[in-house]
Amino acid sequence: MNRRYDIVMALRFFNTYSREIEEFEPRDTGERPIKVYTCGPTVYSRAHIGNFRAYIFEDLLQRHLELRGYKVYRVMNITDVDDKTIRGARETKVPLTEFTEQFKQEFFQDLDTLRINQADEFPCATDPRFIERMIEMIGTLITKGLAYQADDKSVYFRINKFPDYGKLAHFDLTQLRSTGRVKYDEYDKEHIGDFALWKAWDEEDGEVKWDSPWGAGRPGWHIECSAMSTVLLGDQIDIHCGGVDNIFPHHEAEIAQSEGVTGKKFVRYWLHCAHLLVDGQKMAKSLGNFYTVPDVLARGYTGRELRYALLRVHYRVPLNFTWEGMNEARESLARIDEWLARLREVAKQENVKNSTPNAQGPTTAFEDALNDDLNISAALGFLFESIRETNRAIDQNKMDAASASAWLDWWKRINTVLDLEAETDVDIPHEVTQLAQERANARREKNWKRSDELRERISALGWDVRDTKEGPKLTRPSSAG
């Protein structure tokens with residue numbers, strides 16, 4: 001029996017902490033929003049498409065939670081002081097705030113291009129209220145014996161005093177040799193050790209410093225997120241997201257710091273996004289395969305197409321970015337556009353005599369797939385299966401206006417999650433429509449050479465023409481930001 005799409009299955013996520021699929025149960029079952037913290041950009045350069053793969057996954061998560069009827073309060077931090085940002089400011093000989101501001105603005109531009117909904121809060125680590133909270137938390141950790149000031153005047157967290165350290169990354173500390181202390185923000189398990197909470201000022205920091213009970217210095221990267229999340233979301237949150245590269249040491253340290261201060265379980269569900277590869281390789285400037293959003297747009301693609309390309313693979317599976325994949329994204333969106341146009345034409349009709357009483361309508365399959373750990377690959381598979389079936393019904397004159405309207409309503413619902421619909425306020429220039437008509441005439445006359453020439457002229461004007469059963473369809477991908 002066909003289930004209607006107002007019935008949905010339980011929502012389940014893969015929790016990195018337990019390494020198991022778990023049914024989602026919010027901490028607060030009342031009217032309070034679900035608290036979500038997502039690791040945002042470190043603004044030492046423009047964010048690359050690998051970063052945005054994670055941000056689109058987090059966007060999908062929030063949109064699906066909201067489709068389910070949950071209220072969501074999401075915080076995405078901006079790291080504007082750390083080893084990388086200070087080094088960048090020093091090398092360019094500009095103040096830290098001026099250096100990071102350009103990349104903050106570019107980040108928000110790219111969010112808009114990719115149709116990523118903005119978080120409720122975008123806290124910056126250098127905000128005085130968060131610096132104050134960091135100092136307060138470090139003081140509490142010292143009082144509890146979980147942190148200490150070393151000979152280098154920096155303050156470090158004692159990892160051997162926190163029994164659960166390593167559980168998120170599934171490290172057995174007894175099997176790892178500690179290197180003592182680690183002052184750098186980023187390191188691997190081979191260099192595990194007490195990590196820096198407060199870094200004593202040195203000459204390389206320049207003007208970047210704050211006063212503290214332990215002398216002038218600056219916060220370590222990890223304490224920044226613990227401070228921002230506890231100030232804005234409280235001691236306990238529902239979901240914490242990030243890339244797999246954040247698991248260790250960053251998120252591991254967040255747990256130790258936050259729970260060391262509060263004595264409460266910090267996060268209920270940890271969700272991590274797999275890496276993005278480019279042509280099967282890790283993205284790196286040295287390999288010439290390092291791309292930002294503007295780099296992709298400069299190749300003639302659109303934000304809508306890049307959103308689809310970064311969205312279509314399950315978040316826990318590595319995504320291999322290729323230009324062939326971008327072309328496939330363009331083709332997939334064209335199929336959706338054409339399908340919607342056909343449905344709208346049928347929905348306008350009032351003649352229902354050719355309808356099929358038992359024609360299959362929308363089901364819960366799309367949402368069921370997303371309920372299963374955000375399985376977007378399966379969800380899109382169902383979407384395109386539905387497109388094939390409904391197109392066949394239209395071709396056979398078995399789709400009535402009511403059925404077409406039902407499918408359009410279903411699309412409107414799922415598109416609140418996907419946000420892939422083409423812009424509708426694009427005016428097609430008269431010259432372009434005239435060329436398209438001439439090309440249609442050439443095709444009817446089987447003048448293929450003339451048809452190809454006209455296609456090239458249309459393309460030169462920034463438009464794509466597709467041949468459908470209803471006639472030529474004009475689209476302008478560059479209009480979809």
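The values are calculated or read from the model by the stated rules, or taken from the named source; none is laboratory data. This one's a predicted model, so the numbers in the text were calculated from it and none came from an experiment. Please note: Cβ atoms are built from the backbone with ideal geometry, for glycine as well, and neighbour counts cover all protein chains shown. Just so you know, the surface numbers come from the protein's heavy atoms only, side chains and all, with ligands and any DNA or RNA stripped out. Shrake-Rupley method; radii C 1.70, N 1.55, O 1.52, S 1.80 Å.
What to note about this one:
- Residue-level accessible surface for residue 466, protein heavy atoms, 1.4 Å, Å²: 50
- Annotation note: GluC sites (Glu not before Pro) in the range 25-92 located in DSSP loop regions with a Cβ neighbour count of at most 13 within 10 Å are 31.
- Residue pairs exceeding 24 angstrom between C-alpha atoms, taken from 161/199; 199/282; 35/265; 35/167: 199/282.
- Sequence-distant aspartates and glutamates (8 or more away, or on other chains) whose Cα lies within less than 16 Å of residue 446: 438, 467
- Ranked from largest to smallest solvent-accessible area, with a 1.4 Å probe on the protein heavy atoms, 87, 68 come out as 87, 68.
- Computed from the C-beta positions of residue 423 and residue 144 and an R0 of 41 Å, the FRET efficiency is 0.15 to the nearest 0.05.
- Accessible-area composition of the chain, carbon plus sulfur, in percent [1.4 Å probe]: 45
- Axis angle, to the nearest 10 degrees, between helix 448-460 and the longest C-alpha principal axis of the chain: 40 degrees.
- Taking a straight line from the alpha carbon of residue 348, these lysines sit under 20 Å away, with near neighbours fewer than eight places off in the same chain left out: 398, 412, 469, 473.
- For the chain, the average shadow cast by the Cα convex hull is 27.3 nm², which is a quarter of the hull's surface.
- Based on protein heavy atoms only, the chain ends up with 47 Å² per residue of surface accessible to a 1.4 Å probe.
- Using alpha-carbon coordinates, inclination of helix 401-418 to the longest axis of the chain, degrees: 20
- Each label was represented as a point 7 Å from its Cα along the Cα-to-Cβ direction; for residue 448 and residue 286 these points are 4.9 nm apart.
- Inter-part distance where the range 12-32 and the range 255-332 are each reduced to a Cα centre, Å: 23
- Relative contact order, percent, the chain [alpha-carbon distance under 8 Å, six or more residues apart]: 17
- The range 204-221-the range 108-142 distance, computed between alpha-carbon centres (Å): 18
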